[in-house]
Every structure is written in C-alpha cells, then in structure tokens.
Amino acid sequence: MSLNPKQINIISVLPKMFAALNYGVLGRALEANLLTISCWDPRGHTANKHRNIDDKPYGGGPGMVMMVEPLRKTLQQIQKQAKKPNWVIYLSPQGQPLHQRHLAALGAKLETHCLTFLCGRYEGIDERVIEGFVDEEYSIGDYVLSGGEFAAMVMIDALARLIPGVLGDPLSAEQDSFCRGLLEYPQYTRPENDQGLQVPQVLLSGDHQAIARWRSEMALKRTVERRPDLLNSAVLTEEEKKTLARLLAAGDTPQSGLD
Ligand code: 4FV
C-alpha cells in the first residue's frame, strides 16, 4: 500500500470504457494504491441544458469538434483538487509518435506531477485547448481511431508497468523490448518438446552465462532482422557490439537503417 500513489486523470465522454484498466497488472496496482486513476466527463461541465460538448467546425467540413469551455472547466476542476501540478497529455494522430523513452520520462514525471490524459472524440478538440492547456501530444500510430480512449489506455498500461512495485519482478520491465533499444529474445516454456519442436538446449543447460549470451545474441539478431532502425539508438555493451559486428559480417541479415 503506497502513501504517495501516482495520480492519473482521464478526461473522456466515455468513462465506462476505462473499466478495462481494473484487470491484470494494472488492476492489482490500483488495488494496492500504487496509483490512482480518476475519470472526468466534460459533460458534467457544460453550460447548456443539452449538455453539448461538441459543435460544428468553423470553415465547414464533416463531423464535429469538441468545444473549449467544457474541456477548460474540466481541466480547471482537476487542477483545483490535484495535490501536485498537472501535466496534460493529448492523444491524436498529430502527436509525436510514442516510444518507450517517452514512457520512461513520464514515469519520472509522475514523481512530481499528476498526469491528465485528454481523450478527443469526433474530429478532435478545439485548437485553443491544445495551445492553452496541453503539455505534450502523442500518437500511438499512423492511423485514425474513433476516439483517444484506447490510445490513453495503451499509454497508461505501458506507463504503469514502470511504476516501482507494479510488476512482481522489476527485471521484467528492464528486459522488455525497447528498454535498451533492442527487441526481446524468444521465450519458451513447458513442454521441452512440442510435436517435435524442441526448446533450445542452452535454455535447459542451467549455464546462466551461456543463457545470457544466447539471449543477448537472439535479441540482437531479431532486432537486426526486424527493426534495424532501432540499432542507431540502442545502448549496447562492448560484448553486444562485438556480437552485432559478427552478425552483420555474417551478411545474412538486412543492413538498412544502420549508419
Ligand atoms: C489517435 C492516434 C487517434 C483521432 C480523432 C480521436 C482519434 C478522434 N490518438 N493516436 N492515432 N485519435 O486516432 O492517438 O478524436
């Protein structure tokens, strides 16, 4: 139980979608009060009796745009009750592509700020909200969703894994793909032989140094084959640099994306 839980706020007109966060690793972290997640519906901050939160776009065009006032009032309400300064994140295709390094930085930010995820719907939100209140804008991919809610859940799930105590074994987060800029090595579990498909013998050897070498080589090989673009920013040990040079010299892997 934490006396200083990390605070996350979500602004969305569909708060019920976030029930999905009550399961698995994230659900257990909430139960342990390692973090708190509060949902805020802008419909509760509209001035008109029809509780409208969107309107037609100036200049014409399809769809609707989320209005400034309900979002501004919701953000002000959040800040009024927050115990820490608010850091506002907006999800949209116009945002910077989300990477693990951003999540690491936001995990650190949670020490001094609460994070508020602003989820758009329709054609998006009035630009004046972004200019006046949004600190960072992220995209989870070059495609268009029907709302920012799933994107916010992706970010919150990936972020929560980095909070101390959320994962049973802190090594899990460190060994995940992308943490040092490499893809993760292949994983196996029982049985040792499944319909003739054998688990690599080194993993059964009990030789932890040999296993570590194998896993490092597999991570490098998989990264060179599938995501050579990651290698430019990967943090490699001297041993890994030698392994990488050997893999590339073997010439059986693509070299695009490398300096
Ligand atoms: C999105 C993305 C995304 C665009 C219009 C919400 C939707 C609607 N968010 N990464 N890709 N958002 O498609 O973050 O308002």
| task | Name, by its number, the condition in (1) out of contact with any helix residue (DSSP H, G or I) (no Cβ under 6 Å at 6 or more places or on another chain); (2) part of a helix (DSSP H, G or I) that does not hold for Ser2. | result | (2)
| said: If Gln77 meets every condition in (1) part of a loop (DSSP other than H, G, I, E, B); (2) away from the ligand (no atom under 16 Å from the Cβ); (3) surrounded by fewer than 19 Cβ atoms within 10 Å (Cβ to Cβ) apart from one, which number is that one? | reply: (1)
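Only one of Tyr143, Tyr138, Tyr122 is hydroxyl-bearing (Ser, Thr, Tyr), within 12 Å of the ligand (Cβ to nearest atom) and crowded, with 20+ Cβ neighbours inside 10 Å. Can you tell me which?
Working: Tyr143 fails: crowded, with 20+ Cβ neighbours inside 10 Å; Tyr122 fails: crowded, with 20+ Cβ neighbours inside 10 Å.
After ruling out the rest, the residue left standing is Tyr138.
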| remark: A careful count of residues in the stretch 84-116 that are within 15 Å of the ligand (Cβ to nearest atom), closer than 17 Å to Ser38 by Cα and either assigned to a loop (DSSP other than H, G, I, E, B) or free of Cβ contacts under 8 Å to residues at least 60 places away in the same chain (or both) gives 2
| Matching residues, the stretch 191-223, being touching a residue at least 12 places away in the same chain (Cβ under 8 Å) and of a type in the set (Gly, Ala, Ser) | Ser216, Ala219
| query | Across the stretch 15-34, what is the total count of residues that are loosely packed, with under 15 Cβ neighbours inside 10 Å and in a loop (DSSP other than H, G, I, E, B)? | reply | 3
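Quick check, is Arg51 modelled with pLDDT under 95 and either in a loop (DSSP other than H, G, I, E, B) or over 28 Å from Gly168 (Cα atoms) (or both)? If you could, list the steps in order and put the result at the bottom.
Working: modelled with pLDDT under 95: yes; either in a loop (DSSP other than H, G, I, E, B) or over 28 Å from Gly168 (Cα atoms) (or both): yes.
Judged against the criteria, Arg51 is a match.
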| query | Given the conditions (1) in a loop (DSSP other than H, G, I, E, B); (2) loosely packed, with under 14 Cβ neighbours inside 10 Å; (3) not β-branched (Val, Ile, Thr), which single one is not true for Glu131? | reply | (1)
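The values are calculated or read from the model by the stated rules, or taken from the named source; none is laboratory data. Source: prediction; values computed, not measured. FYI the Cβ positions are ideal-geometry reconstructions off the backbone, even for glycines, and counts take in every protein chain you see.
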